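Asker: Take this structure first; my questions come after.
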Amino acid sequence: MTSIKKPHQKEFKSILPAKNVTAPKNDSLRSLRRYRCNGGVLIEVLIALFIFMSSSVYLLSSEIKTRVLLQATLKLQDEQTQQLNTTRLAHTQDNIEQRWEDMAVFGIPVITP
């Protein structure tokens with residue numbers, strides 16, 4: 001049994017005996033562990049790449065949709081403006097056809113009090 005004692009504490013004795021830990025001396029086991037870890041890293045990199053690509057594609061497609069929507073809105077606004085201008089112009093014009101001969105026959109209009 002090994003005693004474990006810290007300053008200003010009572011002495012405790014451990015139940016388990018102390019063991020010396022030694023590293024395995026077989027190099028092939030270490031190399032297998034190293035190659036096994038590289039596969040996990042590759043999968044992590046592929047997942048990160050997939051997330052990056054999918055978010056980039058999503059942002060690009062939403063930007064394209066936004067531009068198409070803006071163009072459609074501007075086109076619709078232009079068509080409505082042209083229709084309103086045509087309607088307003090139709091209200092300002094009379095349906096009576098006026099000619100200079102009418103002025104000669106009827107004379108210049110005069111306001112009488």
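Asker: Only one residue in Arg34, Arg30, Arg67 is of a type outside the set (A, V, I, L, M, F, W, C), open to solvent by 100 Å² or more (accessible area, probe 1.4 Å) and modelled with pLDDT of 90 or more, so which one is that? Let's see the steps before the verdict.
Answerer: Details: Arg34 fails: modelled with pLDDT of 90 or more; Arg30 fails: modelled with pLDDT of 90 or more.
So the residue among Arg34, Arg30, Arg67 that is of a type outside the set (A, V, I, L, M, F, W, C), open to solvent by 100 Å² or more (accessible area, probe 1.4 Å) and modelled with pLDDT of 90 or more is Arg67.
Asker: Right, another one. With (1) open to solvent by less than 90 Å² (accessible area, probe 1.4 Å); (2) modelled with pLDDT of 90 or more as the list, and Leu74 as the residue in question, which single condition is left unmet?
Answerer: (1)
The values are calculated or read from the model by the stated rules, or taken from the named source; none is laboratory data. Fair warning: this is a prediction, and the values are worked out from it, not measured in the lab. The protein model used for the area step is the full one, side chains on, heavy atoms only, and it has no ligands, DNA or RNA in it. Shrake-Rupley method; radii C 1.70, N 1.55, O 1.52, S 1.80 Å.
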